[in-house]
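Beneath this line is the structure, given in structure tokens, with notes to follow.
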Amino acid sequence: MNRSDTAGEAVHRTPVLIVGGSLVGLSTSLFLGRLGVPHTLVERHAGTSIHPRGRGNNVRTMELFRTAGVDRRIEEAASVLADNHGILQTPTLVGDAGEWLFREIDPGGGLARFSPAGWCLCSQNDLEPVLLDSARELGGDLRFGTEMMSFDQDGDGVTALVKSRETGEHTTVRADYLVAADGPRSPVRERLGIGQNGPGDLFHNVSVTFTSRDLADVVGDRKFIVCYLTAPGADGALLPVDNREHWVFHAPWHPEHGETLEEFTDERCAAHIRRAVGVPDLDVTITGRAAWHAAERVAERYADGRVFLAGDSAHEMSPTGAFGSNTGIQDAHNLAWKLAAVLGGWAGPGLLGSYDAERRPVAEATSARASSRSVEHSHPGYTPAGGAAGPGGRKGGILNVALAYRYPRGAVLGADPATPVVPDGVALNGEPGSRAPHLWLDRAGTRISTLDLYERSLVLLSSEGGAWHAAAAEAGARRAVPLDAYRIGDGPDADLRPEAGADWARSHGVTPDGAVLVRPDGFVAWRSEGPSTDPVTTLREAVDTVLARV
């Protein structure tokens, strides 16, 4: 709302100001809207992205969108690529040479053991409108064509000056907190003087959009996510947009050797694509080109006072594996519930300090894995110094990176600080700091996942007949904390019934007399493997510690 300050100047007041309206900024708006937090978003561009990029939405991201109620809309927007799977590497598309780096992202359907969601191939230009519409339906104040010109902060909030790029009108915005989702060249990060760590630039590509009616016949039934074409002097990456006529080709670009973007003429790009595909007379019409730079950098810190970095402003990663956008969306989700808790008065301001403690190590580990994967896939244009295979240097899966990352430090109690942030395998067994296990349950005749319980409050899981359920009600009321408690079992007092053969306690690493406290983002905050002599005090102390109330 707009009000006047003591000097009579019109000031727009909002609890949270989001700077940047791409995937991460829009996700931040969506998640805050779901939690009932009023906010304002400003984005300098007039509309959402028009470029088909950032397509791979991993299982954890789709879990978050499922909880936010937008997964079906996203799947509808992504339907044209629903049958595309795997990554192909081949000299050309003519003949049978080449190999599948992997044919199916979830061979055998094993992912269903870990999650109610799956991967979704949805290009940024298709995903952003879904997020925008959904955020606005939740009451988000999203202002495109609006640029932040400057900001300052004090102990009570942030004051920003924003400008409409259409009318030139300036508005002063006063916010409690600012979230900078303003990209890899983040003016906010620069203004705060926050440095970056990491190897820096890795390689450069030119993304060429083009149409070709005959290419679909050349591709045939090889419905890939991406195809790495490796012919000498004509290497690149081919990505389908609609599997019929529209395509994207990533061509290596070497500005370090003096090569300019202007050299990538329509004629040069079309000839390169024909050589790469292996069809000299292929019909190719270039429709656009844009340079992009792959880098590995992570901000030295994710926060400065009341200002927080999220997405590319906090970290840059090689695109191989689509880790960058997913990590950014997960940043937004981690930060949103903490802002909601602090603004709602049920968490201490210290909870916001856990954002850096949790998310920055995840970005460091994930960005290193993304660089390694670029080497494994021989990404066009990427030649690591010394020919090394990057950090790790070995082939490995991505499910542990996408789903099983952990928070050894932060808003958790009882986590082992020596635990690797990204483990070698996928172990989702209820340990504090890990994403809570997925288990199918029956709630009054409706099949739900345990993950569907986590969004707006802390949640305590326990067995029916124990003392933990009553303790949760008393502890939550005493501490004015939203704390939902569920009794799991097959008896008359059960709130939730596990599907046949499922053992909720064992899957969460506790005995039937134990309890598990889960945060609104679905991460285990604390657990008691067995009963307590004073469950109310035990639970109250755990809640206060996790929420930085002590």
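How many residues, within the stretch 320-334, are over 26 Å from Cys227 (Cβ atoms) and of a type in the set (S, T, N, Q)?
2
Here's the yes/no breakdown for (1) of a type in the set (Val, Ile, Thr); (2) touching a Phe, Trp or Tyr at 6+ places or on another chain (Cβ under 9 Å):
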{"position": "Thr285", "(1), (2)": "yes, yes"}
{"position": "Ala290", "(1), (2)": "no, no"}
{"position": "Arg297", "(1), (2)": "no, no"}
{"position": "Ala303", "(1), (2)": "no, yes"}
{"position": "Val307", "(1), (2)": "yes, yes"}
{"position": "Gly311", "(1), (2)": "no, no"}
{"position": "Ser318", "(1), (2)": "no, yes"}
{"position": "Gly324", "(1), (2)": "no, no"}
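Can you name the condition, by its number, that Ser123 falls short on among (1) under 17 Å from the mean Cα position of the chain (by Cα); (2) open to solvent by 60 Å² or more (accessible area, probe 1.4 Å)?
So Ser123 meets the others, but not (2).
Would you please list the contacts, defined by Cβ atoms under 6 Å and residues six or more apart or on different chains, that run from a residue in the stretch 129-140 that is open to solvent by 40 Å² or more (accessible area, probe 1.4 Å) to a residue that is of a type in the set (S, T, N, Q) and outside any helix (DSSP H, G or I)?
Once the first residue is open to solvent by 40 Å² or more (accessible area, probe 1.4 Å) and sits in the stretch 129-140, its partners that are of a type in the set (S, T, N, Q) and outside any helix (DSSP H, G or I) give Pro129/Thr48.
If you go through the stretch 455-470 one residue at a time, how many are closer than 17 Å to Leu547 by Cβ and either of a type in the set (Gly, Ala, Ser) or touching a Gly at 6+ places or on another chain (Cβ under 7 Å) (or both)?
Total satisfying the criteria: 1.
For the structure I just gave you, tell me whether Val401 is at pLDDT below 95 and within 20 Å of the chain's Cα centre (by Cα).
Yes: the conditions hold for Val401.
To keep it simple, each residue is scored yes or no on (1) part of a loop (DSSP other than H, G, I, E, B); (2) farther than 19 Å from Gly514 by Cα.
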residue: Val412; (1), (2): yes, no
residue: Ala415; (1), (2): yes, no
residue: Ala418; (1), (2): yes, yes
residue: Val426; (1), (2): yes, yes
residue: Gly430; (1), (2): yes, no
residue: Leu441; (1), (2): no, no
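If you go through the stretch 73-99 one residue at a time, how many are free of Cβ contacts under 8 Å to residues at least 60 places away in the same chain, open to solvent by 30 Å² or more (accessible area, probe 1.4 Å), among the hydrophobic types (A, V, I, L, M, F, W, C) and not in a loop (DSSP other than H, G, I, E, B)?
Count: 1.
Residues of the stretch 500-515 being open to solvent by 70 Å² or more (accessible area, probe 1.4 Å), out of contact with any Gly (no Cβ under 8 Å at 6 or more places or on another chain) and part of a loop (DSSP other than H, G, I, E, B), which ones?
Selection gives Ala500, Gly501.
Which numbered condition in (1) in contact with a strand residue (DSSP E or B) (Cβ under 6 Å, 6 or more places away or on another chain); (2) modelled with pLDDT of 95 or more; (3) polar (S, T, N, Q) is the only one that Asn57 fails?
Going through (1) in contact with a strand residue (DSSP E or B) (Cβ under 6 Å, 6 or more places away or on another chain); (2) modelled with pLDDT of 95 or more; (3) polar (S, T, N, Q) one by one, Asn57 breaks only (2).
Being touching a His at 6+ places or on another chain (Cβ under 9 Å) and among the acidic types (Asp, Glu) narrows it down to one of Glu256, Glu262, Glu245, so name that one. Can you show your working first?
Numbers: Glu262 fails: touching a His at 6+ places or on another chain (Cβ under 9 Å); Glu245 fails: touching a His at 6+ places or on another chain (Cβ under 9 Å).
So the residue among Glu256, Glu262, Glu245 that is touching a His at 6+ places or on another chain (Cβ under 9 Å) and among the acidic types (Asp, Glu) is Glu256.
Just to check your reading of the model, which residue among Ser462, Ser374 is over 30 Å from Leu239 (Cβ atoms), in contact with a Phe, Trp or Tyr (Cβ under 6 Å, 6 or more places away or on another chain) and either in a strand (DSSP E or B) or at pLDDT below 95 (or both)?
Ser462
Taking the stretch 474-499 on its own, how many of its residues are within 33 Å of the chain's Cα centre (by Cα), at pLDDT below 95 and open to solvent by 50 Å² or more (accessible area, probe 1.4 Å)?
3
Scanning the stretch 288-311 for residues that are part of a strand (DSSP E or B) and modelled with pLDDT of 95 or more, which turns out surrounded by the fewest Cβ atoms within 10 Å (Cβ to Cβ)?
Within the stretch 288-311, the match that is surrounded by the fewest Cβ atoms within 10 Å (Cβ to Cβ) is Asp304.
In this structure, does Thr260 turn out to be of a type in the set (Val, Ile, Thr), open to solvent by 40 Å² or more (accessible area, probe 1.4 Å) and either under 30 Å from Val375 (Cβ atoms) or within 30 Å of the chain's Cα centre (by Cα) (or both)?
Yes, satisfied.
Does Asp452 satisfy the condition of being open to solvent by 20 Å² or more (accessible area, probe 1.4 Å), touching a strand residue (DSSP E or B) at 6+ places or on another chain (Cβ under 6 Å) and over 14 Å from Val546 (Cβ atoms)?
no
Quick one: Met148 ticks every box in (1) surrounded by fewer than 21 Cβ atoms within 10 Å (Cβ to Cβ); (2) assigned to a strand (DSSP E or B) except a single one, so which number is it?
(1)
When you go through (1) open to solvent by less than 60 Å² (accessible area, probe 1.4 Å); (2) without any contact (Cβ under 8 Å) to a residue 40 or more places away in the chain; (3) of a type outside the set (Val, Ile, Thr); (4) assigned to a loop (DSSP other than H, G, I, E, B) one by one for Ala216, which number turns out not to apply?
Answer for Ala216: the failing condition is (4).
From the set of residues in the stretch 159-185 that are under 26 Å from the mean Cα position of the chain (by Cα) and crowded, with 22+ Cβ neighbours inside 10 Å, which is farthest from Glu296 (Cα to Cα)?
Ala175
I need every pair where a residue in the stretch 292-313 that is in contact (Cβ under 8 Å) with a residue 60 or more places away in the chain has its Cβ under 7 Å from the Cβ of a residue that is open to solvent by 50 Å² or more (accessible area, probe 1.4 Å) and assigned to a loop (DSSP other than H, G, I, E, B), sequence separation at least 6 or different chains.
Within 7 Å, the pairs are Ala294/Pro319.
Take Leu17 and decide whether it is part of a loop (DSSP other than H, G, I, E, B), open to solvent by less than 10 Å² (accessible area, probe 1.4 Å) and in contact (Cβ under 8 Å) with a residue 12 or more places away in the chain.
On the way: part of a loop (DSSP other than H, G, I, E, B): no; open to solvent by less than 10 Å² (accessible area, probe 1.4 Å): yes; in contact (Cβ under 8 Å) with a residue 12 or more places away in the chain: yes.
Spelling it out, it is not the case that Leu17 is part of a loop (DSSP other than H, G, I, E, B), open to solvent by less than 10 Å² (accessible area, probe 1.4 Å) and in contact (Cβ under 8 Å) with a residue 12 or more places away in the chain.
Kindly list, by first and then second residue, each pair from a residue in the stretch 53-71 that is more than 28 Å from Phe249 (Cα to Cα) and outside any loop (DSSP other than H, G, I, E, B) to a residue that is among the acidic types (Asp, Glu) and modelled with pLDDT of 90 or more, limited to pairs with Cβ atoms under 6 Å and residues at least 6 apart or on different chains.
So the pair list comes out as Phe65/Asp71; Thr67/Glu455.
The values are calculated or read from the model by the stated rules, or taken from the named source; none is laboratory data. These figures come from a predicted structure and were not determined experimentally. Here Cβ is always computed from backbone atoms with ideal geometry, including for glycine, and neighbour counts include all displayed protein chains. Just so you know, the surface numbers come from the protein's heavy atoms only, side chains and all, with ligands and any DNA or RNA stripped out. Shrake-Rupley method; radii C 1.70, N 1.55, O 1.52, S 1.80 Å.
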